[in-house]
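Below is one structure, written out as structure tokens, with a few remarks after it.
The values are calculated or read from the model by the stated rules, or taken from the named source; none is laboratory data. All values reported here derive from a predicted model rather than from experimental measurement. All Cβ positions, even for glycine, are placed from backbone atoms using ideal geometry, and neighbour counts span all protein chains on display.
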Amino acid sequence: MTKRKKATPAASHPTRGGHLLGPPRAAGAARKGTPPKPEPVEKPSTPLVAPRLVSPRLALAAECLVSGASALKESLAPLLDEPLPVTLDITSLQRIDTAGLQVMTAFVRERAGHGRTVEWQGTAPVLATAAQLLGLTSLLRLPA
């Protein structure tokens, strides 16, 4: 009887394309002689252009009252961490109460505490009057 040599496991003999001798073969590539098919490269449909930075803007409703304070707060919340100045458009504002002023004041204070600004667009005499009566003109940083 003759003795046979034991078969050696494939892992002990790296082959071409193994991790020790080169990159692994692409999926579906032929074993010998046929180079792997190049993967298609997606070309962007539009040329790469630096995005234009636009300051976020929120137009306030005609009425900022206690009944809409939650909705106002929800509208302002995503703008708290915005690094660009946030513009509040007060052009259509006709009525405001202390709840509306409280939400806006908290928003302006929170942004100011993090070094972020709020800009005002338009005029609203009702906001200026209410802020002046409650001593909030400087805190809201309303234009003079």
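Yes/no matrix, rows are residues, columns are (1) hydrophobic (A, V, I, L, M, F, W, C); (2) at pLDDT 95 or above; (3) out of contact with any Cys (no Cβ under 8 Å at 6 or more places or on another chain):
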site: GLY28; (1), (2), (3): no, no, yes
site: GLU39; (1), (2), (3): no, no, yes
site: ALA69; (1), (2), (3): yes, yes, yes
site: VAL86; (1), (2), (3): yes, yes, yes
site: THR98; (1), (2), (3): no, yes, yes
site: ARG116; (1), (2), (3): no, yes, yes
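Of SER138, SER75, all but one fail to be without any contact (Cβ under 8 Å) to a residue 40 or more places away in the chain and surrounded by fewer than 15 Cβ atoms within 10 Å (Cβ to Cβ); the exception is SER138. Residues that are charged (D, E, K, R) and farther than 18 Å from GLN132 by Cβ within segment 57-103 comprise ARG57, GLU63, LYS73, GLU74, ASP81, GLU82, ASP89, listed in sequence order. Of all residues in segment 85-125, exactly one satisfies the criterion of being crowded, with 16+ Cβ neighbours inside 10 Å and over 19 Å from LYS73 (Cα atoms), namely ALA124.
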